[in-house]
Amino acid sequence: MTVVRTPAIGIDLGTTNSAIAVWQEDKAYLIPNAHGEDLTPSIISIGEDDTLLMGQAAVTRQLTHPSNTASHFKRFLGSERRYRLGREQYTPTELCALVLGSLKSDAETWLGHGIREVVISVPAYFGDQQRKQVRLAAELAGLEAVRLINEPTAAAMAYSLHEQHSRRFLVFDLGGGTFDVTLVEYQEGIMEVRASAGDNRLGGEDFTQDLVDAVLGRLGIDRGELTLSQLGQVYLACERAKRHRSGSGLEVVLGAEWNRTFGFVESELTDIWRESLNRLRKPLSQALSDARLQPDEVDELIFVGGASRQSEVQQTAVRLLGRFGRHELDPDRVVAMGAAIQAACRLRDSAVEELIMTDVCPFTLGVAVNQGDLSGVFSPILERNTVVPASRVERYQSRHEQQRAVCISIYQGERFWVRDNLHVDDLEIPLPTGKGIQEVDVRFSYDINGMLEVDVTLVNSGELFQKVIDRSPAGVTEESKRESRERLARLKQHPRDALPNLTLSERLQQLYEESIGDERRQIEQWLLQFERVLASQDPQVINSFRQQMNKLLTQWH
Ligand code: AMP
């Protein structure tokens with residue numbers, strides 16, 4: 001029997017791109033997907049015949065089949081949002097499971113053995129519900145998320161791996177759909193998250209949408225007047241323009257039916273993006289004030305997330321902090337690397353044993369109480385930025401002697417009224433009657449993965465009621481997990497993405513590049529034939545063509 005040492009695997013499940021990394025020979029490496037790329041677009045498309053296309057293969061389908069293609073679904077994890085793709089509807093969790101499943105199979109092909117335990121990064125600002133959905137997505141993909149690590153924490157880990165000196169990092173992470181600011185302090189091998197703040201509805205996507213609105217404004221058209229496909233074209237043109245700028249302005253080139261180019265100079269862009277840029281300020285100042293730090297007490301500013309490449313975004317951060325940022329490590333890849341480092345720490349790899357990490361609970365958790373005549377007032381138990389694991393207890397009283405039960409309603413958020421916070425769960429506790437006003441102790445314990453446990457004790461009798469709010473995600477039964485698994489298993493991989501077919505296609509393309517004249521024309525014919533055979537999606541036809549071709553190519557000089 002071959003024994004394989006449990007590999008330390010980290011996954012960055014990104015809004016726009018995802019990546020999987022492994023810790024090997026004292027370093028974190030990104031694992032390439034079947035296309036040879038180490039970033040896989042988090043895009044899912046379902047073709048005719050329930051064929052699943054994902055990653056690069058799904059990117060172009062955003063244009064050709066927009067109604068069967070989904071992207072940015074990570075933003076809606078835990079919401080009621082459903083995506084109709086092909087014949088079925090999918091939850092954002094199921095779509096994330098498909099992304100994770102594809103990363104898993106890429107890693108297994110690359111490593112040559114199966115994987116199960118992984119560390120997955122999540123935005124620091126993700127709430128309890130969203131974290132549960134990430135774990136569920138992993139489970140549906142046949143993985144076990146043994147640890148969830150906050151994305152900025154992962155980035156800081158990657159930066160401080162070989163750090164000798166004490167430092168305070170401000171990790172500025174602007175991804176496709178989320179914004180996180182985290183203050184991390186590194187001291188003699190211990191990394192401590194001091195504060196975390198963010199906006200989980202702000203990302204590079206908003207900057208692209210602002211630009212789409214500006215272009216539509218110039219065209220004098222409303223969004224509602226465009227078909228999904230037309231809107232997709234404008235969107236892609238804006239996204240391209242934003243990514244490939246030279247200088248301070250940019251040009252949006254609209255092809256096809258429009259055939260027009262719109263130029264925007266620096267001052268126009270500042271106007272277009274003013275509101276989105278302003279939204280960066282609040283989490284920055286909140287993280288600083290929660291950590292009781294002045295901007296000049298931060299040693300380093302680290303940029304993470306593709307959207308932090310945008311110059312206006314960097315200028316805003318640099319101006320607010322009064323220092324320049326670092327991005328030696330690729331902002332798109334650093335989180336996956338940090339997650340793999342964390343996985344190595346868990347497995348006590350000797351090279352990273354030194355690095356210990358502490359994290360914080362990024363939001364306040366509490367219960368609903370009555371204050372005098374007012375009901376529905378929030379009473380915090382674990383305040384935001386408490387170092388985790390943490391456990392706190394608060395004592396409450398029943399309202400009158402005849403009360404038969406007390407309902408502990410758990411909320412997450414920072415607002416005075418519970419109705420403005422996020423409802424997490426309820427716990428109904430029966431009270432003994434006729435024994436006077438009852439006191440109850442409510443204990444919240446928050447673990448390192450961001451999971452909450454609630455213990456309620458009746459002070460008089462010592463009777464204990466417990467609820468673990470994690471483990472089985474709220475409202476998700478074994479039955480519905482099985483249904484999800486079956487639905488996902490029905491999807492078939494497009495033959496074009498199967499590894500042997502990709503390998504042949506790559507080989508032919510390489511030979512095409514290398515040859516000239518008649519030989520080149522011959523290879524061109526084979527490439528075209530192979531494309532047609534793949535389009536048939538008939539495994540027998542494909543396999544027999546591939547075998548013939550492979551035989552022919554062994555004789556090719
Ligand atoms: P992520 O989820 O970290 O992959 O974030 C991707 C986001 O970064 C998308 O919204 C992109 O529009 C944005 N992005 C990537 N590269 C650039 C760039 N060079 N300039 C501006 N935005 C970028």
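The values are calculated or read from the model by the stated rules, or taken from the named source; none is laboratory data. All values derive from a computational prediction rather than experimental measurement. Virtual Cβ from ideal backbone geometry, glycine too; neighbours counted across all protein chains shown. Only protein heavy atoms, including side chains, enter the accessible area calculation; ligands, DNA and RNA are left aside. Shrake-Rupley method; radii C 1.70, N 1.55, O 1.52, S 1.80 Å.
Which residue is least open to solvent (accessible area, probe 1.4 Å), if the candidates are limited to the range 10-42 and must be more than 16 Å from the ligand (Cβ to nearest atom) and either in a loop (DSSP other than H, G, I, E, B) or outside the structural domain of Ala145 (by TED's automatic domain parsing) (or both)?
The selected residue is Ile31.
Return the residue satisfying two criteria in turn: it lies in the range 60-115 and is more than 23 Å from Asp128 (Cβ to Cβ) and among the aliphatic types (A, V, I, L, M), and of such residues it is most open to solvent (accessible area, probe 1.4 Å).
Here the residue is Leu63.
So how many residues does the range 443-463 have that are assigned to a loop (DSSP other than H, G, I, E, B) and either acidic (Asp, Glu) or in contact (Cβ under 8 Å) with a residue 24 or more places away in the chain (or both)?
9
When the range 228-263 is examined, which residues are found to be within 16 Å of the ligand (Cβ to nearest atom), farther than 17 Å from Gln209 by Cα and aromatic (Phe, Trp, Tyr)?
None; the set is empty.
How many residues does the range 43-57 hold that are within 15 Å of the ligand (Cβ to nearest atom) and among the small types (Gly, Ala, Ser)?
Qualifying residue count, the range 43-57: 1.
Count, please, the residues in the range 369-411 that happen to be assigned to a strand (DSSP E or B) and over 14 Å from Ile429 (Cα atoms).
22
Taking the criterion of being free of Cβ contacts under 8 Å to residues at least 24 places away in the same chain and open to solvent by 60 Å² or more (accessible area, probe 1.4 Å), would at least one residue in the range 381-402 satisfy it?
Yes, the range 381-402 has at least one match.
Tell me which strands (runs of 3 or more DSSP E) are completely within the range 152-265 and hold 1 or more residues being of a type in the set (A, V, I, L, M) and either surrounded by fewer than 19 Cβ atoms within 10 Å (Cβ to Cβ) or touching a residue at least 12 places away in the same chain (Cβ under 8 Å) (or both), or say none if there are none.
167-174, 179-187, 190-199, 250-254
Scanning for something within 16 Å of the ligand (Cβ to nearest atom) and of a type in the set (Gly, Ala, Ser), does the range 162-171 turn up at least one residue?
Within the range 162-171 (the criterion being within 16 Å of the ligand (Cβ to nearest atom) and of a type in the set (Gly, Ala, Ser)), the answer is no, since none of the residues qualifies.
Consider Asp299 against the criteria (1) of a type outside the set (Ser, Thr, Tyr); (2) within 16 Å of the ligand (Cβ to nearest atom); (3) within 23 Å of Ala154 (Cβ to Cβ): it satisfies all of them except one. Which criterion is unmet?
(2)
Quick check on the range 306-317: of everything there that is open to solvent by 10 Å² or more (accessible area, probe 1.4 Å) and touching a Leu at 6+ places or on another chain (Cβ under 7 Å), which residue is nearest to the ligand (Cβ to nearest atom)?
Ala307
When the residues of the range 485-497 are filtered to those that are surrounded by fewer than 16 Cβ atoms within 10 Å (Cβ to Cβ) and free of Cβ contacts under 8 Å to residues at least 60 places away in the same chain, which remaining residue is farthest from Glu531 (Cα to Cα)?
Glu486
Can you find a residue in the range 271-292 that is open to solvent by 20 Å² or more (accessible area, probe 1.4 Å), among the β-branched types (Val, Ile, Thr) and free of Cβ contacts under 8 Å to residues at least 60 places away in the same chain?
The answer is no, given that none of the residues of the range 271-292 is open to solvent by 20 Å² or more (accessible area, probe 1.4 Å), among the β-branched types (Val, Ile, Thr) and free of Cβ contacts under 8 Å to residues at least 60 places away in the same chain.
Quick check on my filter: what residues within the range 43-85 are assigned to a strand (DSSP E or B) and within 16 Å of Gln233 (Cα to Cα)?
Of everything in the range 43-85, those that are assigned to a strand (DSSP E or B) and within 16 Å of Gln233 (Cα to Cα) turn out to be Thr69, Ala70, Ser71.
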